[in-house]
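Asker: My questions all concern the structure below.
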Amino acid sequence: MVALRALVLATATAALFGCSLGASNPSPADRAPGRLPKAEAAMASVAGAEAESRAIAEAILGASDPVLAATQAGQGLWAAARAYAAASLDDRPLYWLRLATTTHLKADCGANCPSVLEAFDRASRGDGDLTFSEDPTALRILVTGFDPFSLDRNIDQSNPSGVGALRLDGTRWTFAGRPVEVEALLFPVRFDAFDAGTVEARLAPLLKSGALALLATVSMGRDHFDLERFPGRRRSSEAPDNAGVLTGASAAKPLVPQLGNGPLEGPEFVEFSLPVAALQGGAGPYEIRDNRRVATLERGTFDAGSLTELDGLTAVRGGGGGYLSNEISYRSVRLAQALGSETAVGHIHTPRLEGFDEETLRAITDQLSAMIESAARELARAP
């Protein structure tokens, strides 16, 4: 945590002298409930976050340009978290220090509050670090992960998708003579952010530009890797998000999410375009399944043979379930289709982890990296 604080404070303080490290795209600020004292007591890697986050917030708000300082501090936190995850396979300091800093910023940021919070949140999730080159031959891959969640059950919970994204961010390979560039982003586990359009706002520019060869959204799931073929439109999970919000959805009453001021439009199910066989070439201890299991009001739970088989049915659960894992899958596939993007898009569920275990996290994220590398090799060979 000390190393995280040092880098974040350095980048925030730079704004006092008019230094610029670049811009980031804004997104809604995190509003998870206060669990910090319990987290500090439970995790050595999070101990001291309260005092450190206060110092970071003071540096941001004391700057001549607090929005710029917030961006720089967020970028510093992301860079430090990348280094920490590479060494310790731990994504939790990033989440808790972001959350604590956001709490202090909210208390004192005044009229600039929305802009400051958004700048810090976006930059600390990797937006300010998207550094794809201008090389026209480069094959570009974006991997997204999520914050830790289910924190009321396991305050020390890690998220393999977040660790995997942090470890993959900035990876560079060369296959078949083509440079391959991998960048990563993290998303909040919060319904209001999804309803406000954070997925669409962050992914649309990349999908619209045609820059990406592969977009793999990733989250924690079951006891193996699942490639979620048929994401569904509706929420049905009764689990709260990281803000403690319950949507009122259930398996008996699946609800359509919002997108801005209206309902999320689209078919009840869509189909991914991931390179399945290539991803299944990622060696490791876990099975990699092409998951076709869905649930509908009319037919219950079954394995769908095709998207056509799902016509006229009401989604209860897509392949990714009825929570935000399924939803980011649906939103990203739907968005790519709406934009006419040729990017291969889809969702990967990693094996489940209870709490934190470095050995298990290494096995999961090493295999995730092998899966992305295997897909990159195939895509690089394509004409």
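Asker: Rounded, prolate or oblate: which one fits the stretch 200-303, using the alpha carbon gyration tensor with axes a ≥ b ≥ c (rounded when a/c is under 1.5, else prolate when a/b beats b/c, else oblate)?
Answerer: The shape class here is oblate.
Asker: Something else: Which of the GluC sites (Glu not before Pro) found in the stretch 305-381 are in a DSSP loop and have at most 15 neighbouring Cβ atoms, other than their own, within 10 Å?
Answerer: Sparse-neighbourhood loop GluC sites (Glu not before Pro): 342, 354.
Asker: Per-residue ellipticity at 222 nm for the chain, helices alone: DSSP H runs ≥ 4 residues times -39500 (n - 2.57), over residue total, nearest 500 deg cm²/dmol?
Answerer: Helix-only estimate at 222 nm: -12500 deg cm²/dmol.
Asker: In µm²/s, what is D for the stretch 283-383 at 10 °C and 1.306 mPa s, where D = kT/(6 pi eta Rh) by Stokes-Einstein and Rh is the Kirkwood radius from Cα pairs? Before the final figure, lay out the partial values.
Answerer: Details: Rh = 15.9 Å.
The diffusion coefficient I find is 100 µm²/s.
Asker: Please arrange 341, 273, 325 by counting, for each residue, the other beta carbons lying within 10 Å of its beta carbon, fewest first.
Answerer: Details: 341 23, 273 17, 325 28.
Lowest count first: 273, 341, 325.
Asker: Starting from the 7 Å offset along Cα-to-Cβ, what nm value, one decimal, do you get for the label separation of residue 132 and residue 382?
Answerer: Taking the simple label geometry, residue 132 and residue 382 are separated by 1.4 nm.
Asker: Separate question: For the stretch 133-163 and the stretch 194-252, what is the separation of their Cα centres, given in Å?
Answerer: 12 Å
Asker: If you don't mind, there's one more thing I want to ask. What is the fewest-to-most order of 96, 173 by other Cβ atoms lying within 10 Å of their Cβ?
Answerer: Ascending Cβ contact count within 10 Å gives the list 173, 96.
Asker: If you take all C-alpha pairs in the stretch 104-168, what percent of them are over 18 Å apart?
Answerer: Counting every Cα pair in the stretch 104-168, those more than 18 Å apart make up 59 percent.
Asker: Place +1 on the Cβ of every Lys and Arg and -1 on the Cβ of every Asp and Glu in the stretch 231-356, take the dipole about the Cα centre, and give the residue among 339, 243, 270 whose Cα lies farthest towards its positive end.
Answerer: 243
Asker: Still on this structure: Sort largest first and round to whole Å: the equivalent ellipsoid semi-axes of the stretch 55-173, each the square root of five times a Cα gyration tensor eigenvalue.
Answerer: Numbers: eigenvalues 131, 83, 24 Å².
For the stretch 55-173, the semi-axes come out at 26, 20, 11 Å.
Asker: Under 24 Å between alpha carbons, and skipping anything fewer than 8 positions from residue 106 in its own chain: which lysines qualify?
Answerer: In chain and number order, the partners are 38.
Asker: Pairs of Cα atoms under 8 Å, at least six residues apart: use those to get the relative contact order of the stretch 133-381, whole percent.
Answerer: Values: 556 pairs, mean separation 71.8, N = 249.
Relative contact order of the stretch 133-381: 29 percent.
Asker: Could you go through the stretch 181-187 in sequence order and give the Karplus-derived ³J(HN,Hα) for each residue, using 6.51 cos²θ - 1.76 cosθ + 1.60 with θ = phi - 60°, rounded to whole Hz, and x for Gly and Pro?
Answerer: 10, 10, 10, 9, 9, 10, 10
Asker: Moving on to the next point. Given 0.36 nm per residue, what is the gain on full extension from residue 277 to residue 261 after removing their alpha carbon distance, in nm?
Answerer: 1.8 nm
Asker: Something else now. How much of the DSSP bridge set in the chain is antiparallel, in percent, rounded to the nearest 5?
Answerer: Working: 18 of 42 bridges.
Restricted to the chain, the bridges split so that about 45 percent are antiparallel.
Asker: Further, regarding this structure: Exposure proxy check: 137, 101 ranked by fewest other beta carbons within 10 Å?
Answerer: In order of increasing Cβ crowding within 10 Å: 137, 101.
Asker: What ³J(HN,Hα) values, in whole Hz, does the Karplus curve 6.51 cos²θ - 1.76 cosθ + 1.60 give for the stretch 146-151 when θ = phi - 60°, with x put for Gly and Pro?
Answerer: Each residue's phi maps through the Karplus curve to give 10, 5, x, 8, 6, 6 Hz.
Asker: Further question: Can you tell me the alpha carbon radius of gyration of the chain divided by the globular rule-of-thumb value 2.2 N^0.38 Å?
Answerer: For the chain, the normalised Cα radius of gyration comes out at 0.95.
Asker: Need one number: convex hull volume per residue for the stretch 102-250, Cα atoms only, in Å³.
Answerer: Taking the convex hull of the Cα positions in the stretch 102-250, it is 160 Å³ per residue.
Read the figures in this text as sums done on the coordinates, not as results from a lab. Predicted model, so just to flag it, every value in this text is computed and none were measured. Here the Cβ is made from the backbone with ideal geometry for all residues, glycine too, and neighbour counts use every protein chain on show.
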